[in-house]
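One structure is given here, and the rest of the page talks about it.
Read-outs throughout are calculated quantities, based only on the coordinates presented, and are distinct from any laboratory measurement. Because the structure is a prediction, the values reported are computed rather than measured. Methodologically, a virtual Cβ is constructed for each residue, glycine included, from the backbone with ideal geometry; neighbour enumeration extends over all protein chains shown.
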Amino acid sequence: MTQMNRRRVLRGMLGGGAVSVGLPLLNCFLNTNGTALADGAKMPVRFGTWFWGLSMTKDIFVPKTFGAGYELPEEIISLKSVQKHINLFTNLTAFRDNAEPMCHYTGWVIGRSGSAPMSANDKPGETLDVTVSNQIGRTTRFKSLTATATGDLRSTVSYENANSPSTPEVSPIAFYQRLFGADFQDPNAPTFTPSPRVMARKSVLSGVMGEIKDLETKVGAEDKARLDQYFTGLRGLERQFDQMLVRPEPIAACVVPNALGKEPPRGGEAMLIAARHKMMTELMVMAVACDQTRVFNMNYSNASSNTTKEGYEKPHHTTTHEEHVDEKLGYQPNCSWFTRRAMESWAYFVEAFTKIPEGDGSLLDNVLIYANTDHGYARTHSYDGMPAFTAGCAGGRVKTGLHVNGAATAGTRVGYTAMRVMGVDIPSWGTKSNNTSKEFGEILV
């Protein structure tokens, strides 16, 4: 057989002109197991996060046994279809140390940054998705992508610092246009024409960067440091432009979605949020499959969840405070109803990655998703007994299907484990009582 590789093209004539058509990701380009490219290059491993607000009710959320084969309690029964693809961590703690407790903020900030915030405006460190994107996100069109189903631009749990939050996409139609609009280069298209808009942007950027380097010689040390940080960010943007001006490798799993017909209705009603979440999920999954990004974030709800239920007068957050515990059930039924809707969307998010074939498995096999929340027991807004999830095998580096006992240790262990899996070489993560150098070895291969 003629020697072939991923850059092999089919050549011919059309209307008197030469054309070339790239080949898709054929089996002959993979190793015998379909887990790596035949030339030895590994399949890319991606990292994502998912967030839901107001946690859970322990007695009907936390399984009675640990390890594999655990029985799903009623509040998470919707995870049955993805149970083999996820790990559930319970009994985790977010340590406040000497920081003031800030409901709906302290818990998730610790889980994402490793440190307790000292005020409502404090965003210590950078969130773990940013750390990972600096490791693996510099060769794709988007260093990372963030979206929310809430319709609220403030619904983000990703940031570089207090002044640089990751602004989420809130409109499915705008998200589609950003991903698959005029600047998108279909890796499976028969021809490739560099985008004139991207070329113009890169030209302008090159001029700006030249001005900055000249300006650095004329300012003081502090301003030079600021300019150097800004220049580093522009260099990252320049690399993204470079990537967009080179013909992408064919990707068999990449299928451009149909354009969306109309914007879904706005509103906080749970069924509307679920509908927007599904639309955002489908777009996010295909963005990952098309290798537009290797780091992504999805918010189902904000921390102080204001999700509403049709026919019920109180939003989720108010319900946690004001609804009485049902004597017969032993829990707050409406509060639990909101958690169950969140878990249904988490199951949908995970399952969507399993539906995209990649190699001898699915896209989820080459993804690791970290999901967390803001509290433990929803009714008391506790910082102990907190749950978290991971989903996906990270290219065979992670076992799944396990319920893991956090044993009241720092919840930062889940984030630390995730970063280590993704190749972030750090001896420990977090500060004070949240500092950890201990991975969850139960899930590691």
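Couple of notes before you dig in:
- Relative to the current alpha-carbon distance between Ser81 and Glu100, full extension at 0.36 nm per residue lengthens the span by 2.9 nm.
- Computed from phi, the 3J(HN,Hα) profile of segment 430-445 under the Karplus parametrisation 6.51, -1.76, 1.60 (θ = phi - 60°) reads x, 10, 6, 5, 8, 5, 9, 10, 10, 6, 7, x, 4, 9, 8, 7 Hz, with x in place of Gly and Pro.
- Distance cut-off 19 Å, percentage of C-alpha pairs in segment 76-168 lying past it: 54 percent
- Inter-probe distance in nm under a simple model that places probes 7 Å from Cα toward Cβ, at Asp214 and Asp183: 2.6 nm
- Cα-projected label distance for Ser437 with Arg197, points at 7 Å along beta-carbon direction, nm: 4.9 nm
- Span from the segment 70-84 Cα centroid across to the segment 335-412 one, whole angstrom: 11 Å
- Taking other C-beta atoms within 10 Å as the exposure proxy, Arg266, Arg341, Arg112 rank Arg266, Arg341, Arg112 from fewest upward.
- Sum of side-chain charges, Lys355 neighbourhood, beta-carbon under 13 Å (Lys, Arg +1; Asp, Glu -1): -3
- Projected label points at Asp152 and Arg266, each 7 Å from Cα along the beta carbon direction, are separated by 1.4 nanometres.
- Overall shape: oblate for segment 308-445, with the ratio a/c of the largest to smallest alpha carbon gyration tensor axis at 1.5 or above and b/c at least equal to a/b.
- Centroid-to-centroid separation of segment 175-197 and segment 92-140 [C-alpha atoms, Å]: 35 Å
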